[in-house]
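Worksheet: one structure, shown below.
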Amino acid sequence: MTPTQLRNMMIERNAKLSYTLPERQFNAYQESRGLNLVQDRRLPFDENGYHYDFQCDFLRATDESYDVNFEIDGEEFHGSPIQLRKDAWKDKIKNAHGLKIIRIPAILTQKRYWPYLDSELPKALLSKEKVVRIKA
């Protein structure tokens with residue numbers, strides 16, 4: 001897939017009208033833990049002469065910017081080979097602009113898995129990897 005094809009796939013004709021159940025569940029989790037993440041923010045990125053606006057599920061704010069992007073990945077949408085390549089491409093651009101990516105499988109947002117997230121999120125945040133995929 002060429003960069004132009006990927007760019008064209010990124011164009012969204014409709015704004016997000018509602019949050020998915022996993023996004024609502026993760027928001028409840030992060031609020032209960034006092035993480036103070038910003039939900040559903042679009043960030044601009046310029047890369048190789050192109051401008052992109054990527055929607056980020058959750059962001060951790062610093063004094064002047066954001067440093068970590070938490071993405072909630074549902075298997076149905078984020079499990080296909082095409083979507084995995086698209087996610088990797090977006091992650092590379094976000095990393096180049098200083099964002100660390102933490103990808104969380106949607107199943108882990110259910111309340112019964114919150115203790116697991118309590119143990120895995122600190123490890124992900126401390127990891128030197130630029131993209132961390134928490135395993136389900």
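Computed from the coordinates by the stated procedures, all read-outs in this text should not be read as laboratory data. Here the structure is a predicted model, which is why all the values come from computation and not from measurement. Here Cβ is always computed from backbone atoms with ideal geometry, including for glycine, and neighbour counts include all displayed protein chains.
Quickly estimate the mean residue ellipticity at 222 nm for the chain, helices only: each DSSP H run with n ≥ 4 gives -39500 (n - 2.57), and the total goes over all residues, rounded to 500.
Rounded to the nearest 500, it is -11500 deg cm²/dmol.
Provide the convex hull volume over Cα atoms per residue for segment 96-136, in Å³. Please report the intermediate quantities before stating the final value.
Values: hull volume 2.7 nm³, N = 41.
Cα convex hull per residue, to the nearest whole number: 66 Å³.
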Descending packing, highest mean Cβ count within 10 Å first, for 33-44, 92-103 is 92-103, 33-44
Here the relative contact order (percent) of segment 60-107, from C-alpha pairs under 8 Å and at least 6 apart, is 52 percent
Label model pair residue 24, residue 95: point-to-point distance (7 angstrom along the Cα→beta-carbon line) in nm is 3.4 nm
Relative to the chain, whose Cα atoms define the longest principal axis, helix 21-32 and its Cα axis are tilted in degrees, nearest 10, by 50 degrees
Full extension between residue 82 and residue 47 adds, at 0.36 nm per residue less the Cα distance, a length in nm of 10.5 nm
In nm, the gap between the two label points placed 7 Å beyond Cα toward Cβ at residue 119 and residue 40 is 3.3 nm
Rounded to one decimal in nm, the spacing of the 7 Å Cα→Cβ label points at residue 62 and residue 128 is 1.8 nm
In Å³ per residue, the alpha-carbon convex hull of the chain encloses 119 Å³
Note on the chain: contact order normalised by length, alpha-carbon pairs under 8 Å, 6 or more apart, percent, works out to 21 percent
